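Data first, discussion second: the structure below is written as structure tokens.
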Amino acid sequence: MKNQNLPIAVLLGDPSGIGPELICRLLNDVVTENSNIVIIGDRQIFEAGEKIAKTNTDVKFIENLDEIIKNKCGKYFLDISEGRNILHKIGECSASSGESVLRALNYALELANQEKISAINFGPFNKTSLHLAGNKHKDELHFIAEKLNVSNYFCEFNVVDNFWTARVTSHIALKDVPSFITKENVLKPIKLIHQTMKLNGLKSPRVAVQALNPHAEFGNEEQDEIIPAIEEARNLGINTDGPLPCDTSFITAFKNKNHDCLVGMYHDALQCGLKAFGFDRGVTVQGGMPLPITTPAHGTAFDIAGKNTANLEPTIQSFKIAAQIAST
């Protein structure tokens, strides 16, 4: 589903964290000037964010999407509070904060199923608050996939300075990782990240693949599964290199600019390098969804919530990626 004439849905994120203040600042940044945007959430949370951010966003409050002027840039606010006036305490996990996030996310995902929006960009969520509110999924990616009825392969991408990463396994115990390293499983994120980066404007992404074992030597997975997956990707016309030893992969691929993206075998092999090089600039993209869904990669930052000191750059970059893919 790609339609640049449909609005981009922007969600405020967890009201106890830095999301609302970041979104209010985003809406007043030049990056949003040429987009049609609908903010979905509780008006009270938005106004609290405005107060913290010291912004006065020019938005039109609407009751349904039919009030949005198509083919024209504008900012609209769809208040879904239904008369609720809940005080969300800054800097603390709570069921009420998680419930507000789930309501806004569910509303946006229903609009996505109806093909009424072109993308979703959201302020950071807090997984503990989501669980307190009743979310049974291990993360928002799987929640989103279920709501959008996604049956194809999907995974999380993390992006810093337009360098993308994907992983074969994610939130599982390290001892279980080797059993998931098969040619088929390695090939899936290679194909998906290649496809998604092309949608983001890169004609021929250079894909690097990490090894599983130290120096790509102390085990059989490289020879038996990872190298065959790389060879199959090349046969499919994907510019693929590897397997790169994990300990030098970010130097080779990211710092030395030899590749545009990196596919790893497990969570920390990628996240340690990515956060070391650009924790304050990271973006998360929910890969494999029928529309672009993005968010800054950092968390709700309870320690600085309400202080208006959070770095806006990841939020800007997450919006830019959503808008770019939506317009492709």
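Coordinate-derived values only; no laboratory data. This is a predicted model, so every value here is computed, not measured. With ideal geometry, Cβ positions are generated from the backbone for all residues, glycine too; neighbour counts draw on all protein chains shown.
Using the Cβ atoms and a cut-off under 12 Å, what net charge is assigned to the surroundings of Ala301, where Lys and Arg are +1 and Asp and Glu are -1?
Residues near Ala301 contribute -3 overall.
Could you give the length gained on full extension between Asn149 and Thr309, defined as 0.36 nm per residue of separation minus the Cα-Cα distance, in nm?
Difference between extended and current length: 53.8 nm.
For segment 4-76 and segment 178-227, write down the distance between their C-alpha centroids in whole Å.
37
Test of understanding: what is the full-extension gain from Glu110 to Asn34, defined as 0.36 nm times their sequence separation minus their Cα-Cα distance?
Extending this stretch completely gives an extra 24.9 nm.
Find out how many positive minus negative residues lie around Thr240, taking Lys and Arg as positive, Asp and Glu as negative, among other residues whose Cβ is under 12 Å from that of Thr240.
Value of the local net charge: -1.
Which FRET efficiency value, to the nearest 0.05, is calculated for Ala173 and Asn239 with the Förster distance at 30 angstrom and r the Cβ-Cβ distance?
Efficiency, rounded to the nearest 0.05: 0.35.
Treating the angle as unsigned and between 0 and 90°, give the value, to the nearest 10°, between the Cα long axis of helix 183-199 and the longest Cα principal axis of the chain.
Tilt of helix 183-199: around 50 degrees.
Roughly how tilted is helix 43-53, in degrees to the nearest 10 and between 0 and 90, from the longest Cα axis of the chain?
Helix 43-53 sits roughly 80 degrees off the main axis of the chain.
Kirkwood hydrodynamic radius for segment 68-221: how many Å is it when counted over pairs of different Cα atoms?
For segment 68-221, inverting the mean 1/r across all distinct Cα pairs yields 18.9 Å.
Pairs of Cα atoms under 8 Å, at least six residues apart: use those to get the relative contact order of the chain, whole percent.
24 percent.
Mind checking the full-extension length gain between Glu184 and Glu47? Use 0.36 nm per residue of separation minus the Cα-Cα distance, one decimal, nm.
Answer, rounded to one decimal: 44.5 nm.
Taking the radius of gyration and the Kirkwood hydrodynamic radius from Cα positions alone, what is the Rg/Rh ratio for the chain, to two decimal places?
0.98
As an exercise, use a Förster radius of 30 Å and the Cβ-Cβ distance of Phe61 and Glu92 to find the FRET efficiency, rounded to the nearest 0.05.
That gives a FRET efficiency of 0.55.
Rounded to whole Å and sorted largest first, list the principal axis extents of the Cα atoms in segment 1-142.
That gives 40, 34, 28 Å along the principal axes, largest extent first.
Compactness ratio of segment 221-328: Cα Rg over 2.2 N^0.38 Å, N = residue count?
After normalising by residue count via 2.2 N^0.38 Å, the value is 1.28.
I'd like the FRET efficiency for Phe218 and His137, computed as 1/(1 + (r/R0)^6) with the beta carbon distance as r and R0 of 41 Å, rounded to 0.05.
0.70
So for segment 155-276: antiparallel DSSP bridges make up what percent, rounded to the nearest 5?
The answer is about 20 percent antiparallel.
Output needed: percent of Cα pairs per 5 Å distance bin for segment 155-276, bins running from 0 to the one holding the longest distance.
So the P(r) values, bin by bin, are 2, 12, 25, 27, 21, 10, 2, 0.
Please state the relative contact order of segment 96-240 as a whole percent: Cα pairs under 8 Å, 6+ residues apart?
This gives 18 percent for segment 96-240.
Hey, what number do you get for the chain at 222 nm if only DSSP H runs of n ≥ 4 count, each worth -39500 (n - 2.57), divided across all residues, to the nearest 500?
So the helix-based figure for the chain works out to -10500 deg cm²/dmol.
Count the DSSP beta bridges whose two residues both fall in the chain, then state the antiparallel fraction as a percent rounded to the nearest 5.
Counting only bridges with both partners in the chain, antiparallel ones make up about 25 percent.
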